[in-house]
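Read through the structure below, which is laid out as structure tokens, and then see the notes.
Readers should treat all values here as calculations from the given coordinates under stated rules, not as data from a laboratory. Since we're looking at a predicted model, the values are computed, not measured. Every residue, glycine among them, receives a Cβ derived from its backbone with ideal geometry; neighbour counts consider all protein chains shown.
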Amino acid sequence: METISSFASKYISENIKILQGLDPDQIAAAVQLVVQAGESGNRIYAIGNGGSASTASHFVNDMGKGASLGREKRFKVIPLTDNVEWMTALSNDRSFEDVYVEQLMNFAEKDDVLLAISGSGNSENVIRAVRYANETGCHTIGFTGYDGGKLKGLVERCIVIDSDHMGRIEDMHVILQHIICYYFMDQE
């Protein structure tokens, strides 16, 4: 049986390898969409399921507070993951596959930004929301893993984590959202 120490060492090594494989230019292109939304006063939405929902909410928290403090134009960020009442009503009365697209129908406008996070890239509620956002003229960013799934081909900017291990994919998604947020926080 593997020791805890050797397991931890291997896990850390794998994450370092994945981090070193990320393309800073791809990340910069995604951040640029957030820059444009901030400068123009457009809204930024974040979605995901499970751990990805947590990362989406974390992103909104960091952008709404940390990245907005002291700025003349604060970021207009909206988590579509956090209104449990609305999400359960939509799931019950429509379908779980529509929980994000239905919320976007109330808000989304041309040049808003949707950050769609899906480890597999195949979450149907995320895919439907991205399709609607694209039709509406929103800019779309995807964080995914594995081979990118359907999400990879639908979003304007996609960062695919080169892994088939959900924990490592989620680890990298948190780092990516921190790169975006701290780009603004560290500029002040």
Next item on the list: Select, from Ser54, Ser9, the only residue that is under 14 Å from the mean Cα position of the chain (by Cα) and free of Cβ contacts under 8 Å to residues at least 60 places away in the same chain.
Entry: Ser54
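Checking the conditions here, which among Val31, Val77 is touching a helix residue (DSSP H, G or I) at 6+ places or on another chain (Cβ under 6 Å) and closer than 18 Å to Val155 by Cα?
Working: Val77 fails: closer than 18 Å to Val155 by Cα.
After applying the criteria, what remains is Val31.
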Check: Can you tell me which residues in region 153-166 are more than 13 Å from the chain's Cα centre (by Cα) and free of Cβ contacts under 8 Å to residues at least 60 places away in the same chain?
Finding: Gly153, Leu154, Asp164
Item checked: Hits in region 57-74 (condition: free of Cβ contacts under 8 Å to residues at least 60 places away in the same chain and within 26 Å of Arg128 (Cα to Cα)) -> Ser57, Val60, Asn61, Gly64
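Would you point out the residue of region 118-139, among those that are outside any helix (DSSP H, G or I) and farther than 16 Å from Ser52 by Cα, that is farthest from the chain's Cα centre (by Cα)?
Kept after step one, since they are outside any helix (DSSP H, G or I), are these residues of region 118-139: 118-123, 137-139.
Those left that are additionally farther than 16 Å from Ser52 by Cα: 137-139.
Values: Gly137: 18, Cys138: 14, His139: 13 Å.
Checking each candidate, the answer is Gly137.
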Check: Can you name the residue in region 44-74 that is closer than 20 Å to Asp98 by Cα and out of contact with any helix residue (DSSP H, G or I) (no Cβ under 6 Å at 6 or more places or on another chain) and, of all such residues, is surrounded by the fewest Cβ atoms within 10 Å (Cβ to Cβ)?
Finding: Gly50
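Any residue at all in region 148-155 that's in contact with a Cys (Cβ under 9 Å, 6 or more places away or on another chain) and either closer than 21 Å to Asp62 by Cβ or of a type in the set (Val, Ile, Thr) (or both)?
Of all residues in region 148-155, those in contact with a Cys (Cβ under 9 Å, 6 or more places away or on another chain) come to 148, 151-152.
Next, only the ones that are either closer than 21 Å to Asp62 by Cβ or of a type in the set (Val, Ile, Thr) (or both) stay: none.
No, because not a single residue in region 148-155 is in contact with a Cys (Cβ under 9 Å, 6 or more places away or on another chain) and either closer than 21 Å to Asp62 by Cβ or of a type in the set (Val, Ile, Thr) (or both).
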Check: Lys110 is checked against (1) in a loop (DSSP other than H, G, I, E, B); (2) under 22 Å from Ile175 (Cα atoms); (3) of a type outside the set (S, T, N, Q) and fails just one. What number does that condition carry?
Finding: (2)
Check: Limited to region 140-188, what total is found for residues that are in a helix (DSSP H, G or I), under 27 Å from Phe107 (Cα atoms) and not hydrophobic (A, V, I, L, M, F, W, C)?
Finding: 9
